[in-house]
Amino acid sequence: MTLGAVLYVGSRPIGTAPPLGGLLEPANGVWALARAATLPADASGAIPGLTGAVTVEYDERGVPHVFASNVHDAARAIGYVHARDRLFQLELQTRAVAGTIAELAGARAAPLDRTARAQGLADAADRAWSAFPDTSVAKRLAVAYAEGVNAYIDAMPRAALPFEFRLMGKAPQRWEPRYTAYLFMRMGLTLGYSDSELRRPTIEELVGAEAADALFPAEHPLQDPIQPNGTAGVRADWKPLPPPRPRAPQVATSERAAGVSPWGEALTGSDDVASADERRRYLDDAAVGSNNWVVSPRRSASGHALLAGDPHLALSLPAIWYQAHIVVPDTLDVYGATLLGAPIPPIGFSRALAWTVTNTGADVADYFVETVNDSASPTQYRLDGEWKPLRLRVETIRDNRGRSVAVDTIRETHRGPMLHRDGKWISRRWTVTDGHDAIRPLFGVAMASSVRDALTALDSFNAPAQNFALADSAGHIGLRSTGLFPIRSAKAPRGDVLIDGSRSENDWQGRWRVQDYPQAYDPPQGFASSANQQPKDPRVDRRFLGADWPSPWRAMRINTLLRADSAATPNSMRLMQVDAYSAQPEWFVPAVVAAASGDTALASAAALLDSWNRSYRAEERAPVLFEALMAELAALTWDELLLPASPSGGSPAGARRRVDTPQSSILAGLLRQPESEWWDDRSTRDIREHRDDILRRALGDAWRSVNSRLGPLGDAWARGATRRANVRHLLLPNSPLSRPNVPIPAGGPGSLTPSSGDGNHSASWRMVVELGNPVRAWGIYPGGQSGNPVSPRYDDLLGRWSAGSLDSLRTPRAAGELTRSQRTARLVLRP
């Protein structure tokens with residue numbers, strides 16, 4: 001990025017922040033950032049607590065290779081280099097959990113802070129941290145990491161102060177060891193949050209309980225699970241969708257108690273989607289997702305096990321991940337994608353093992369309707385016939401001048417924090433806030449030399465539940481959904497409905513045994529994969545693990561490709577990660593084309609879809625029509641889930657809101673019921689529509705909308721012209737610090753390279769590892785190692801990520817092994 005791009009916004013104030021123009025003075029403004037943008041060829045530093053010198057060598061991609069004599073010194077060094085490259089990111093993500101962003105950015109951020117305090121993430125992290133023994137692996141490593149962060153802050157020259165702190169006129173806060181626990185709480189919020197139960201009563205009012213069960217099922221009708229079920233391909237179990245049977249609403253309007261924190265309002269707003277966005281809503285289940293898979297030696301060309309992974313998360317600059325290589329002789333030699341705030345990578349490889357993750361998506365949060373002593377301002381709740389005191393937590397939100405801008409009282413039962421919604425006080429039990437140690441199991445994986453050892457280390461991993469794919473140099477592969485999966489009461493066996501909180505017998509009764517987790521170890525088929533699909537076939541185990549599972553389009557594609565390739569290579573794995581084919585259209589296009597047959601007005605649209613090869617490559621023109629078709633089809637079909645227009649709801653006049661949208665695979669199943677009531681358009685009272693009527697209307701509406709937006713069929717319809725990635729700066733998303741409109745050469749909903757409608761989600765890290773001797777690995781993420789926007793390492797990886805390339809990952813065994821051309825900087829840290 002050029003300095004001129006920064007200066008472009010130099011005179012524009014951003015929110016409550018000062019104008020950027022004040023940053024232009026030569027000594028300490030952005031000019032100083034330019035001087036600090038490149039790491040010096042040789043540098044030194046000091047960290048109190050180090051027991052010996054640590055050498056850090058940076059390769060040509062800006063990756064630090066840390067050589068230390070023990071793991072705690074290595075953790076100190078990782079803290080130091082994290083702070084050196086990403087100090088503002090460290091602070092911002094910590095404040096997001098603590099609910100103190102307003103203290104940095106001003107009162108406009110207060111709603112974010114109120115939500116964070118109400119969630120109770122920092123409070124839960126503080127309590128968990130206090131419970132860790134001082135001698136525990138987690139606490140010792142976190143303390144060492146904090147020493148490294150603070151050592152850099154103490155020694156940081158003024159010229160190196162990150163741009164964002166200068167913008168807001170603030171200095172970085174001290175890093176406390178407990179903030180590592182905050183990081184894992186943030187991971188839990190991102191990967192383990194769910195609140196579908198809060199929408200359930202409204203859905204039942206609109207369509208009835210039986211239909212609600214079918215629209216958002218606990219047992220997905222398409223099964224291609226993580227744990228092999230003995231079927232070579234997808235198992236379809238279609239059942240007729242019960243007709244909608246509305247019932248009278250229990251509460252006429254949504255009530256909010258005065259003075260109550262905005263948790264329910266801020267975090268359950270997904271049930272109130274403006275109708276203008278409805279035609280994009282269907283994309284949610286198909287356009288965002290992560291993939292991983294492992295291949296046994298007998299199905300690889302080299303005779304070595306292979307692993308591939310690409311977790312899909314929100315795109316940002318600086319990037320979510322930070323690459324690092326850690327070497328402690330005879331103890332640890334691990335390269336991975338680290339998270340800012342922790343010294344151990346959750347994804348990576350050693351010289352004997354590789355591992356990566358996708359999100360399990362299990363329902364690990366339940367909501368309980370509580371009986372309270374005062375509906376407006378309760379202090380007690382009733383349990384088993386006795387009144388119990390609520391834990392009251394008073395939270396004061398302050399702005400960047402130290403002024404109080406909000407005071408909330410957070411109420412908690414023994415299950416967790418409460419929210420007030422629709423006249424009810426509802427508490428939440430959530431594995432994420434139960435308190436857990438994620439450092440120890442992840443450290444155990446980094447130390448492991450086999451899949452078995454790594455799985456054993458992960459036995460104590462609780463949250464957020466993840467699908468760990470693993471492969472080792474001995475040729476073993478494994479994949480296991482790992483986390484705390486609650487055993488629910490026989491009185492309340494489901495987690496997708498609100499539960500009576502007045503009886504303790506409805507509480508969780510324990511956790512699943514590890515041997516019952518969805519898993520595969522050296523499966524006979526020679527491979528295993530996960531793509532956020534339901535991990536275990538309900539025919540194998542009917543216990544409730546979750547509901548409304550994502551459509552398994554990606555899992556189906558991965559397994560199809562792996563079944564067809566008995567000589568997989570690292571390059572074939574790389575190509576799979578950017579594979580453009582989607583299984584989703586195959587379930588819809590034939591029915592749409594058949595319905596349009598004979599309709600001359602739809603001939604061009606039907607011909608375009610019929611000739612399409614189901615690929616989302618850049619030159620394809622049919623994908624833009626198919627996406628519009630699917631959005632129109634969802635909007636027309638699920639009109640029963642629309643709420644009545646509210647004249648005072650803050651929406652445009654006459655707007656209708658949909659409480660939720662079923663997965664696209666549920667719509668695929670409905671195609672088998674051409675006479676179902678669900679096809680009837682409720683707005684045409686004197687006409688009863690059937691399936692083909694709605695398919696034709698959806699295709700016509702889609703064709704007209706795309707023509708209106710892009711003009712007649714031509715180059716403007718090409719996939720490469722209509723879908724881009726947007727990599728936004730964490731603080732200034734609409735500034736030149738962001739990288740919008742990044743080309744995506746292939747991919748779309750249901751493909752292995754899905755992308756969200758706004759382009760803000762995609763593969764946050766791609767990695768392929770071959771477990772030979774030596775181990776070879778390749779990886780890339782969309783961004784760069786530095787958080788300094790004028791550094792050449794700010795976004796230098798983005799172009800290769802966009803092209804679907806992977807970089808070779810260097811793993812020198814000792815300091816000095818990198819050649820002169822490979823090593824760009826050296827840092828020596830001493831006590």
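The values are calculated or read from the model by the stated rules, or taken from the named source; none is laboratory data. Because the structure is a prediction, the values reported are computed rather than measured. All Cβ positions, glycine included, derive from the backbone under ideal geometry; neighbour counts span all protein chains shown. Accessible surface is based on the protein model in full, side chains and every heavy atom, while ligands, DNA and RNA are left aside. Shrake-Rupley method; radii C 1.70, N 1.55, O 1.52, S 1.80 Å.
Which one of these is under 25 Å from Thr360 (Cβ atoms) and at pLDDT below 95: Gly192, Gly169?
On the way: Gly169 fails: under 25 Å from Thr360 (Cβ atoms).
Just one listed residue meets the conditions, Gly192.
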Fill in the blank from the handout: (1) touching a residue at least 60 places away in the same chain (Cβ under 8 Å); (2) small (Gly, Ala, Ser); (3) open to solvent by less than 20 Å² (accessible area, probe 1.4 Å) all hold for Ala155 apart from (3)
Exercise for the section: Kindly check whether there is at least one residue in segment 535-548 that is touching a residue at least 12 places away in the same chain (Cβ under 8 Å), of a type outside the set (Phe, Trp, Tyr) and either assigned to a strand (DSSP E or B) or under 30 Å from Glu619 (Cβ atoms) (or both). Expected result: no
Practice task
State whether the residues of segment 226-234 include one that is open to solvent by less than 20 Å² (accessible area, probe 1.4 Å) and either over 30 Å from the mean Cα position of the chain (by Cα) or at pLDDT 95 or above (or both).
Solution key: yes
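Hey, can you tell me all the residues within segment 807-831 that are open to solvent by less than 30 Å² (accessible area, probe 1.4 Å) and under 30 Å from Gly720 (Cβ atoms)?
We begin by selecting, within segment 807-831, every residue open to solvent by less than 30 Å² (accessible area, probe 1.4 Å); these are 807, 809, 812, 818, 825, 827-829.
Those that are open to solvent by less than 30 Å² (accessible area, probe 1.4 Å) and under 30 Å from Gly720 (Cβ atoms): Asp807, Leu809.
For segment 69-113, how many residues meet the condition of being of a type in the set (Ser, Thr, Tyr) and open to solvent by 30 Å² or more (accessible area, probe 1.4 Å)? Lay out the reasoning, then the answer.
Filtering segment 69-113 down to residues of a type in the set (Ser, Thr, Tyr) leaves 69, 80, 94, 100.
Still in the running and open to solvent by 30 Å² or more (accessible area, probe 1.4 Å): 69.
Qualifying residue count, segment 69-113: 1.
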Problem - Exclusive hit being in contact with a Gly (Cβ under 7 Å, 6 or more places away or on another chain) and charged (D, E, K, R), set Asp366, Asp384 - result: Asp366
Exercise for the section: Select from segment 747-788 the residues that are open to solvent by 10 Å² or more (accessible area, probe 1.4 Å) and more than 26 Å from Thr338 (Cβ to Cβ) and list them in ascending order. Expected result: Gly757, Asp758
Practice task
Answer yes or no: is there a residue in segment 389-397 that is modelled with pLDDT of 95 or more, over 27 Å from Arg494 (Cβ atoms), within 35 Å of the chain's Cα centre (by Cα) and crowded, with 17+ Cβ neighbours inside 10 Å.
Solution key: yes
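When residues of segment 62-95 are filtered for being in a helix (DSSP H, G or I) and not charged (D, E, K, R), how many remain?
Here is the first cut: in segment 62-95, the ones in a helix (DSSP H, G or I) are 71-95.
Now restrict to residues that are not charged (D, E, K, R): 71-72, 74-75, 77-83, 87-90, 92-94.
Summing the residues that are in a helix (DSSP H, G or I) and not charged (D, E, K, R) in segment 62-95 gives 18.
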Practice task
May I ask you to list the residues in segment 122-141 that are open to solvent by 40 Å² or more (accessible area, probe 1.4 Å) and of a type in the set (A, V, I, L, M)?
Solution key: Ala131, Val137
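Please verify whether segment 328-339 includes one or more residues that are in contact with a Lys or Arg (Cβ under 7 Å, 6 or more places away or on another chain) and over 17 Å from Tyr781 (Cβ atoms). If you could, list the steps in order and put the result at the bottom.
Our first condition is that a residue be in contact with a Lys or Arg (Cβ under 7 Å, 6 or more places away or on another chain); within segment 328-339, this holds for 333.
With over 17 Å from Tyr781 (Cβ atoms) added as a condition, the list becomes 333.
Yes: one or more hits.
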Practice task
Name the single residue, out of those in segment 418-443 being of a type in the set (Val, Ile, Thr) and part of a helix (DSSP H, G or I), that is nearest to Thr190 (Cα to Cα).
Solution key: Val432
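Identify, from the list Arg820, Arg810, the residue that is within 28 Å of the chain's Cα centre (by Cα) and of a type in the set (Lys, Arg). Quick ask: steps written out before the conclusion?
Working: Arg820 fails: within 28 Å of the chain's Cα centre (by Cα).
The match here is Arg810.
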Practice task
Scan segment 40-61 for residues that are surrounded by fewer than 22 Cβ atoms within 10 Å (Cβ to Cβ) and assigned to a loop (DSSP other than H, G, I, E, B) and jot them down.
Solution key: Pro40, Ala41, Pro48, Gly49, Thr51, Gly52, Ala53, Glu60, Arg61
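Return the only residue of Ala342, Ala354, Ala319, Ala362 being outside any loop (DSSP other than H, G, I, E, B), of a type outside the set (Ser, Thr, Tyr) and surrounded by 24 or more Cβ atoms within 10 Å (Cβ to Cβ).
Exactly one residue qualifies, and that residue is Ala354.
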Handout entry: So Gly348, is it part of a loop (DSSP other than H, G, I, E, B), touching a residue at least 60 places away in the same chain (Cβ under 8 Å) and either under 15 Å from Val63 (Cβ atoms) or touching a helix residue (DSSP H, G or I) at 6+ places or on another chain (Cβ under 6 Å) (or both)
Key = no
Practice task
Give the number of residues within segment 549-577 that are crowded, with 21+ Cβ neighbours inside 10 Å and in a loop (DSSP other than H, G, I, E, B).
Solution key: 4
Practice task
Say whether the condition of being more than 25 Å from Thr202 (Cα to Cα) and either open to solvent by 10 Å² or more (accessible area, probe 1.4 Å) or polar (S, T, N, Q) (or both) is met by at least one residue in segment 424-431.
Solution key: yes
Handout entry: Conditions (1) in contact with a helix residue (DSSP H, G or I) (Cβ under 9 Å, 6 or more places away or on another chain); (2) outside any loop (DSSP other than H, G, I, E, B); (3) of a type outside the set (A, V, I, L, M, F, W, C); number of the one not met by Asp154
Key = (1)
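Which one is farthest from the chain's Cα centre (by Cα) among residues in segment 195-216 that are of a type in the set (Gly, Ala, Ser) and either closer than 21 Å to Ala362 by Cβ or open to solvent by less than 30 Å² (accessible area, probe 1.4 Å) (or both)?
Step by step, filter segment 195-216, then rank; the result is Gly208.
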